[in-house]
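The values are calculated or read from the model by the stated rules, or taken from the named source; none is laboratory data. Since we're looking at a predicted model, the values are computed, not measured. Every residue, glycine among them, receives a Cβ derived from its backbone with ideal geometry; neighbour counts consider all protein chains shown. Heavy atoms of the whole protein, side chains included, go into the accessibility calculation; ligands, DNA and RNA do not. Shrake-Rupley method; radii C 1.70, N 1.55, O 1.52, S 1.80 Å.
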Amino acid sequence: MNFWKALLAIDRRWIFLFVFLALAVPMFLNVDFELSISREVQGLYDALDKLQPNSKVLMSFDYDPPSAPELQPMADAIMKYCLKKRLRIIIMGLWPQGPIQANMALARAFADKNIDQSEYVYGIHYVNLGYQAGNEFVIQRMGSSFYDMFKNDYAGNRYEELPLMRGIKNFNDIDFSINFSAGYPGTVEWVQIAVDRFHVRLGAGNTAVQAPQVYPYYNSGQVVGLAGGMRGAAELEGIFAYNAETDVVYKDRGTKYMLSQTIAHAVVMFFIVVGNIAYFVIGRKDKLKTSK
Amino acid sequence: MRREIPLIITATVGIAYIIQYFIPHTPFDKVEALFSDWLSIIAACAIWLGALNLLKLSFLSVSKRKKDWFFSLVIIISWLTMALVGISEGPGFQEPGTKFDWLYTNIYTPLSATMFAMLAFYVASASYRAFRARNFQATLLLVAAFLVLSGRVLFDELIFGFLPADWKILSTISDFIMQVLNTAGQRAILIGIALGTVSTSLRIILGIERSYLGSD
Amino acid sequence: MLRKRILIILLLCLFASANFLPAQESPSANINTEFLERFKVKPPTDFEVRDTPNDNGSSLTLNWRLSPDDNLWGKRGLVEKYVIGRRLAGEEKFEFISTATNQSRIAFDNSVNNKDRYEYQLAAYPFKYIFRPIPWNSIMMVKQMERFKALAPWISLNPHGVVLSMLSQNYSYYVDLDGFRSDLARKSVWENFSAGTELSGPEGITAAFAAGQVVSPFLPFFSFFVQSSLTSDPYQLVTIGRYLGDGLMAKTEVAGPVKTKKSWLHLGRINVLIIAVVLSFFILYFIRQARKGKELFIRKIAGLDAVEDAVGRATEMGKEIFFIPGTQDMQNIQTIAGVTILGRVARLTAEMDTKLEVPVSRSLVMVTAREIVQEAYANAGRPEAYDENMVHYLTDDQFGYAAAIDGKMVRQRPATIFYMGAFYAESLILAETGNSIDAIQIAGTAMPAQLPFFVAACDYTLIGEELFAASAYLSKEPKLLGSLKGQDIGKALLLIALAVGVVVQTFGWYDFASLFRL
């Protein structure tokens, strides 16, 4: 009886310890697996696959380091794919740390030995416009003019000095947009303004907490594809790896972390079951005592 | 007039915002952009109020050796370090390779990620405490939680991998719970929130609700 | 002498005749025309331009039906994009203004004014090529050179030659088209980006077509080779693609002239106006009823009933109260609702002489909250108990704020914690830490994603609209309670609309949903 009571009142640090082991140990294992691809991630891949080389892709990095474990693997995979496919990349951010995360994604893509950084020239093949304050008003203003919002890029170069931006006035000149979002401002604002008012084609990568809010937009067709949470990141890596016609390594952290997440979920479910068993045992014994 | 002027400003701006939503004709089309610029300017200036207040309180705490003054010292050192390093680097202070970027990548990023990672542990302890089958509704919640927990990871691939690829049982149920049941519940809450927002906004614009000004 | 003259005349005749001999017909010239004819795209149809409705006269809408060649062959058709040209009425030349991707049927021109009349022309712009990067092991190749793999997608053709649009600065290049060689000196990348590097003369493309003809007459492929000057290794096959014709645009008839109009009323938002008017009417009506003294029933909200008890608990234990008004700024309605509740809580703490601490995440919230707390203490008759440092700023950063408050909670161990406002991921971190120090926690937020965390970790949770009702509930002021009633009538009307809509849409009687569409 004391055992069950002690279990119900267990110090939360024991739970933390088991969760830590569940998360940490699988990171040292090398287990490969094939994930089934959801239709939302398939939609995102299909939209990217349809793009021709030299198509202009706008990427909005609307997250910060705390959300990076979920969103950075998606950003890395998409960045590698876009670079390899010779798509022209325009980076921006509605969160201050977003453009910095974008630079990290670029660095990781260029670190792949199958992507030669010398072939990509900043200002011609990719541009980082940096962060702009104003939340959804930035998106609204970009509908008429990108230049109004980004007179200079991240490094201080003038907009008109960037060859890639010379032909881009507003969303009409963009072939596809991707938004990596962890909250506000994020995918919801992009849908409400860029998609609904300016008819932008939008794909999204969201944290697991935000993804349920974005599913209705995917179901209505306002978002053409969606990768949600760690699973979405792993599926995205998997679909790129499966369809790639090059040797670029797509399966990376997203796939690796899925095993940790799986075992952590199992540990949480185990504790819930144990807690309920303890609850019922104590409840029954209390009832027996009362009836006596 | 101390009360009347803020009320007049609130009413004017609120009504202007409502009008510009329905009347696209000039000059109403410029109202939203104009006010958002003003808000950005005010918020950018106001940040100094908070930052200087934080420094002031921290200095006071350190100088008077109040309880836990050491943490105030950490605040002062961190604040000054980031500010001075950023200012010394000039306009390109956020570019890769700068000292500011080093501090950002090697100190701020791991700290932020650590705080967010704590959620994993807190979710586990909160779930252990909260998911008890006390009654029918709690049992329903428990079952739904189990199904969603198992559908969002690799249980389909690891446990039911022998089934054909299209037979993703746990994922399908989890997706149904999230996209249908959960969305329906969220939409119901959102409808209530929207009505509450309209009601509160109307009260504030018309000056019926004045507690945000400090008066009843 | 005569023999010399005859010889000269013969030589002259020979020379003259050589110039009049018919030129050897290049077999490739016919291929050129044939290819162009086969892959000429058809223009889009039904192109029309009209004023964009419900705007300030700065936009025109262009609609068209897709070119029949758009998406003709599976995933990729023959049309790369649509090009839009515009001119003022009366002018001759069209200026290029923007493009629309293939599969688009609509575009907007937002760079017009409402004084001029405009004419438009649309053109379907065909692909010059389609790249299909071929895995290296499936290509018949002479010899492989690593550094040329990356060149593949950057090479395109037009009738005048080969355009190399991307070159590394480190190499110079030779293009060998089935025996035809052209030495290209090292070029800077900037030049190549803007102008392309072209082989002169039609021989380049002719040779390429001759090579292409070998593969298949129906789906012609071309191939060519690039060699680096740095090594003497022989050729490298760099790309195989399908030539579909030159950038000859297939144009529509001219549409227009059209002039924009400024709208005084956004007709697309009439439904919102009606709903807003109806809702406002009910809210104001019931406020009036309440002012007249009519008794209005409001159901019990456990979280709000517990506020006074929670403050009392802190007073008895001699510990302080934390009030956390969310992590968003004053323009967020939840923050306004939160600081409104702060006023009520501050009045209670003033009356009960309990220590109150309000750490905030935004400067404007700090300023507002100070005013509110100061006023509350003055109204409670305890102005001297107010200290402006009760309300202090921590940081705008989400997790920095959470970390700071967690630290304060663990060190100061407040007896009661209120979370009232907009929260994001930090909600569970705060609530669990509060739970670990056995504080009584009352939360209220209108963020649906955070509600489950608060419900799991807090003693009481105000869900969504209960947060907005808190001010009315706690003050019991008739005009505020009346607004709650009006809000509930609005909810009842929405429920009726939902029920009607579900039935009507299920049976397909009427597009009921369109009444609510923006």
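Just to make sure I understand: if all protein chains stay in place, what is the order of B:Thr10, C:Thr252 by accessible area at 1.4 Å, largest first? Display every interim value, and only then the final one.
Working: B:Thr10 35, C:Thr252 15 Å².
Sorted by accessible area, descending: B:Thr10, C:Thr252.
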### Task
Give the calculated FRET efficiency between C:Glu92 and B:Ile18 to the nearest 0.05, with a Förster radius of 35 Å applied to their Cβ-Cβ distance.
0.15
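Given Cβ point charges of +1 (Lys, Arg) and -1 (Asp, Glu) and nothing else, what value in debye, to the nearest 20, does the dipole of segment A:33-250 about its Cα centre take?
Working: 18 positive and 24 negative charges, 88 e Å.
Here the size comes out at about 420 debye.
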### Task
Calculate the mean, over all residues of peptide A:100-109, of how many other protein chain Cβ atoms lie within 10 angstrom of the residue's Cβ.
2
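Carbon and sulfur together cover what percent of the accessible area of segment B:60-204 at a 1.4 Å probe radius?
Numbers: 5920 of 8000 Å².
Looking at segment B:60-204 in its full context, I get 74 percent from C and S.
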### Task
Quote the total accessible area buried by chains B and C together, excluding ligands, DNA and RNA, probe 1.4 Å, nearest 100 Å².
5600
### Message
With a 1.4 Å probe and all protein chains kept in place, how do C:Phe322, B:Phe176 rank by accessible area, largest first?
### Response
B:Phe176, C:Phe322
### Task
Take the solvent-accessible surface of the protein heavy atoms, probe 1.4 Å, and return the percent of it on segment C:302-476 that carbon and sulfur atoms account for.
48
### Carbon + sulfur, % of accessible area of chain A - ligands and nucleic acids excluded, 1.4 Å
56
### Query
How big is the B-A contact in terms of buried accessible area, both chains counted, 1.4 Å probe, rounded to the nearest 100 Å²?
4400
### Task
Mind checking which of B:Ile205, B:Leu163, B:Phe146 is farthest towards the positive end of segment B:131-216's charge dipole, using Cβ charges of +1 (Lys, Arg) and -1 (Asp, Glu) about the Cα centre?
B:Ile205
### Message
So, taking all protein chains as they sit and a 1.4 Å probe, how much accessible area belongs to A:Tyr131, in Å² rounded to tens?
### Response
100
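Accessible area per residue, 1.4 Å probe, Å², for segment B:131-216: what's the number?
Working: 4290 Å² over 86 residues.
Spelled out: the 1.4 Å probe surface of segment B:131-216, per residue, equals 50 Å².
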### Query
With the contact rule set at Cα under 8 Å and sequence spacing of 6 or more, what percent relative contact order holds for chain A?
26
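Take peptide C:405-414, look around each residue's Cβ out to 10 angstrom, count Cβ atoms belonging to other protein chains, and average those counts.
Working: counts 0, 2, 2, 2, 0, 0, 3, 2, 0, 0.
Mean inter-chain Cβ contacts per residue within 10 Å come to 1.
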### Summary
Quick note, chain B: a/c under 1.5 would make it rounded; otherwise a/b > b/c is prolate and the rest oblate (a ≥ b ≥ c, C-alpha gyration tensor); here it is oblate
### Summary
Expressed in nanometres to one decimal, the distance between label points 7 Å along Cα→Cβ at B:Ser78 and B:Lys30 is 4.4
#### Entry: Pairwise FRET efficiency - B:Leu103 versus A:Tyr122, Cβ, R0 = 35 Å, nearest 0.05
0.90
### Query
So for the pair B:Asp68, A:Ala155, with labels modelled 7 Å out along Cα→Cβ, what separation do we get in nm?
4.5
### Inter-chain Cβ neighbour average for residues C:442-453, partner chain, 10 Å
4
### Message
Could you compute how much accessible surface B:Leu206 exposes when probed at 1.4 Å, giving the result in Å² to the nearest 10?
### Response
90
### Query
Taking the Cβ-Cβ separation of C:Leu495 and C:Trp264 as r and a Förster radius of 35 Å, what is the calculated FRET efficiency to the nearest 0.05?
0.55
### Query
Which Cα, out of A:Val214, A:Ala77, A:Ile124, lies furthest along the positive dipole direction of chain A (beta carbon charges, K/R +1, D/E -1)?
A:Val214
